[in-house]
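So the structure is just underneath, and the comments pick up after that.
The values are calculated or read from the model by the stated rules, or taken from the named source; none is laboratory data. What you see is a predicted model, and the numbers here were worked out from it, not measured in a lab. Cβ placement follows ideal geometry from the backbone for every residue including glycine, while neighbour counts extend to all protein chains displayed. We work out accessible area using only protein heavy atoms, side chains counted, and drop any ligands, DNA or RNA first. Shrake-Rupley method; radii C 1.70, N 1.55, O 1.52, S 1.80 Å.
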Number of protein chains: 2
Amino acid sequence: MLTLYSMPSSGNSYKVRLLFAKLGIPFRHVAAEYGSGVTTSAEFRALNPHGRVPLVRFEDGRVLSESNAILLYFAEGTRFLPEDRFDQAKVHQWMFWEQNSHEATIAVRAAILSYEHRAGERRPEILDPLLDAGHRNLATMDVQLAKTPFLAGNSLSAADLCLYAYTHSAETRGGFDLSRFPAVSAWLARVEADAPHVPLSWLGDNPA
Amino acid sequence: MLTLYSMPSSGNSYKVRLLFAKLGIPFRHVAAEYGSGVTTSAEFRALNPHGRVPLVRFEDGRVLSESNAILLYFAEGTRFLPEDRFDQAKVHQWMFWEQNSHEATIAVRAAILSYEHRAGERRPEILDPLLDAGHRNLATMDVQLAKTPFLAGNSLSAADLCLYAYTHSAETRGGFDLSRFPAVSAWLARVEADAPHVPLSWLGDNPA
């Protein structure tokens, strides 16, 4: 069975759990919350010198890190990754944009507001620019989602799962105003309506 | 012919020019430097609401943005992308890591130090954490490059071109100390030795 090291509260980790639930891929879950010491252990650093989760360890010992690389690997050959080369490139486009623009603003502001070890960063000169940049990113998504039901076109893909992870909690955790982006709100509901769906709190059926 | 909108001074744009040079793909180059007004024009915003380059416009009008999505699209079926599914996932892993961890520190510090419109950010509380985080990222690359000649294994791939773009100027533009990372320095020389190679200043043969 696969082992998934993931952080229960993290959107990057949630993406992978959500795809695994949708594909019915069984996994052994190792919880690696902040402060648990899991990602700073010598055992984990041997698996990922960068010290981040999510990380998948295959039964044969190979490892794969970076949430979106994991999504693409398991999405291949499923309904979550189109076969056409250009359609696939559009999925990639949104996934790279997520890691560079969206996660760096929307996830970061939510992390500063939710995690006590980041309370020192709760200052206007840090929070306000993140709010503005995050709203600009939600506007970018809104432009696309007013044209197509899902980010990369007509079908739900790995790009939607990837961007759902931090967008669905942007308001509750990050203080972003989703009411300004009706196409984004409608898309969140469409992603949630795609069965099976699991919430952030779902950690699989096999805790380590 | 393809049209490539790219920023002459940008590593993200350079990645694409470097791959196009290596693959002998002709393109019409539209320079979109900061302050040129290109990316803020209504014409460009219709192509990319997020307003960033690089962006490729195909002859039939389709567009593709995000440097690493462009790299993957054109690398497919060439020596720059392995066919094996897991080997390809490792290329993706490094490319997502580049956009989330490496670019967000090494490119950002270099941009603050090089671009006059960012001079206001030249303060220790901004520059020092970027220096530390960037050095940790170079250390992550050094661990891998001490084991394999290229980031995703034995062959030069899109992951190397992607990470070369900002790493090769990390010292000169960003003030990072590459002498601490001998495997990274040796890898930079290996990437440059792969013919044909073009420098950052190369903008193709067909300016718009």
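Does the range A:67-85 include one or more residues that are in contact with an Asp or Glu (Cβ under 8 Å, 6 or more places away or on another chain), touching a residue at least 12 places away in the same chain (Cβ under 8 Å) and either under 20 Å from A:ARG17 (Cα atoms) or surrounded by 14 or more Cβ atoms within 10 Å (Cβ to Cβ) (or both)?
So the first thing to find is which residues in the range A:67-85 are in contact with an Asp or Glu (Cβ under 8 Å, 6 or more places away or on another chain), and the list is A:68, A:85.
If we keep only those that are touching a residue at least 12 places away in the same chain (Cβ under 8 Å) as well, we get A:68.
When the remaining residues are screened for being either under 20 Å from A:ARG17 (Cα atoms) or surrounded by 14 or more Cβ atoms within 10 Å (Cβ to Cβ) (or both), the result is A:68.
Yes, that holds for at least one residue.
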Failed criterion for A:ALA32 (all others in (1) without any contact (Cβ under 8 Å) to a residue 24 or more places away in the chain; (2) open to solvent by less than 20 Å² (accessible area, probe 1.4 Å); (3) aliphatic (A, V, I, L, M) hold): (1)
Of all residues in the range A:162-186, which are within 23 Å of A:ALA111 (Cα to Cα), assigned to a helix (DSSP H, G or I), open to solvent by less than 60 Å² (accessible area, probe 1.4 Å) and not polar (S, T, N, Q)? A:CYS162, A:LEU163, A:TYR164, A:ALA165, A:TYR166, A:ALA170, A:GLY174, A:LEU178, A:VAL184
Test B:ALA111 against the stated conditions and say whether it is in the same structural domain as B:SER185 (by TED's automatic domain parsing), surrounded by 14 or more Cβ atoms within 10 Å (Cβ to Cβ) and either among the aliphatic types (A, V, I, L, M) or modelled with pLDDT under 95 (or both). yes
A:ALA195 passes all but one of the listed conditions (1) open to solvent by 60 Å² or more (accessible area, probe 1.4 Å); (2) assigned to a helix (DSSP H, G or I); the exception is number (2)
For residues that are within 12 Å of chain B (Cβ to nearest Cβ) and free of Cβ contacts under 8 Å to residues at least 12 places away in the same chain, tally how many sit in the range A:153-178. 0
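Only one residue in B:LEU23, B:LEU55 is at pLDDT 95 or above and buried (at least 17 other Cβ atoms within 10 Å of the Cβ), so which one is that?
Numbers: B:LEU23 fails: buried (at least 17 other Cβ atoms within 10 Å of the Cβ).
Unique residue meeting the criteria: B:LEU55.
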For the range B:1-114, which fully contained helices (runs of 4 or more DSSP H) count at least 1 residues that are within 12 Å of another protein chain (Cβ to nearest Cβ) and closer than 22 Å to A:LEU81 by Cβ? B:67-75, B:85-97
May I ask you to list the residues in the range A:123-150 that are in contact with a Ser or Thr (Cβ under 7 Å, 6 or more places away or on another chain) and under 30 Å from A:ASP84 (Cβ atoms)? A:ASN137, A:PHE150
Matching residues in the range A:94-108 (open to solvent by 10 Å² or more (accessible area, probe 1.4 Å) and either on the phi > 0 side of the Ramachandran plot or among the acidic types (Asp, Glu) (or both)) number 1
How do the pairs read when you match residues in the range A:138-152 that are within 9 Å of chain B (Cβ to nearest Cβ) with residues anywhere that are open to solvent by 40 Å² or more (accessible area, probe 1.4 Å), using Cβ under 6 Å and keeping only pairs 6 or more apart or on different chains? A:THR140/B:PRO49; A:VAL143/B:PRO49
B:ARG118 passes all but one of the listed conditions (1) touching a residue at least 40 places away in the same chain (Cβ under 8 Å); (2) part of a helix (DSSP H, G or I); (3) open to solvent by 40 Å² or more (accessible area, probe 1.4 Å); (4) charged (D, E, K, R); the exception is number (1)
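B:ILE106: under 13 Å from the mean Cα position of the chain (by Cα) and touching a residue at least 60 places away in the same chain (Cβ under 8 Å), yes or no?
Taking the combined requirement at face value, the residue satisfies it.
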Can we say B:THR39 is surrounded by fewer than 17 Cβ atoms within 10 Å (Cβ to Cβ) and of a type in the set (Val, Ile, Thr)? no
